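The values are calculated or read from the model by the stated rules, or taken from the named source; none is laboratory data. Worth saying up front: this structure is predicted, and the values here are computed from it rather than measured. So basically every Cβ, Gly included, is an ideal-geometry build from the backbone, and we count neighbours across all protein chains shown. Side chains included, ligands, DNA and RNA excluded: accessible areas come from the protein's heavy atoms. Shrake-Rupley method; radii C 1.70, N 1.55, O 1.52, S 1.80 Å.
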Amino acid sequence: MMHGLGMSFGMSLWMLLWATVGIALLAALGVALLRMTRGRAGGLGHDSAEAELRRRYAAGEIGDEEFAERSAVLRHDGGWGAEPA
């Protein structure tokens with residue numbers, strides 16, 4: 001009788017262990033996907049930079065040529081270190 005109880009307890013521990021490992025792997029995959037998508041040019045920083053550029057253009061703070069150059073830089077690589085074409 002004691003042997004059966006020990007086996008079921010041991011199997012429960014293994015199931016709990018594998019469930020924990022599975023949840024940890026899913027969480028790690030989610031974090032990795034989130035970091036990859038935020039690192040692209042279409043991430044959150046790019047949208048806000050483009051919105052600020054459009055706002056400055058609409059307010060007359062920058063001219064047509066500067067707007068076109070900066071827009072090209074943002075489209076090229078997200079605005080970090082690119083030279084206008």
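Observations
- Scanning the stretch 1-21 for residues that are open to solvent by 100 Å² or more (accessible area, probe 1.4 Å) and either at pLDDT below 90 or touching a helix residue (DSSP H, G or I) at 6+ places or on another chain (Cβ under 7 Å) (or both) yields M1, M2, H3, L5, M7, F9, M11.
- When A24 is tested against the conditions (1) in a helix (DSSP H, G or I); (2) open to solvent by less than 80 Å² (accessible area, probe 1.4 Å); (3) at pLDDT below 90, the lone failure is (3).
- L44 meets the stated requirement of being hydrophobic (A, V, I, L, M, F, W, C), modelled with pLDDT under 80, touching a Lys or Arg at 6+ places or on another chain (Cβ under 8 Å) and open to solvent by 70 Å² or more (accessible area, probe 1.4 Å).
- Members of the stretch 57-68 found to be exposed (fewer than 14 other Cβ atoms within 10 Å of the Cβ) and assigned to a helix (DSSP H, G or I), listed by number: A58, D64, E65, A68
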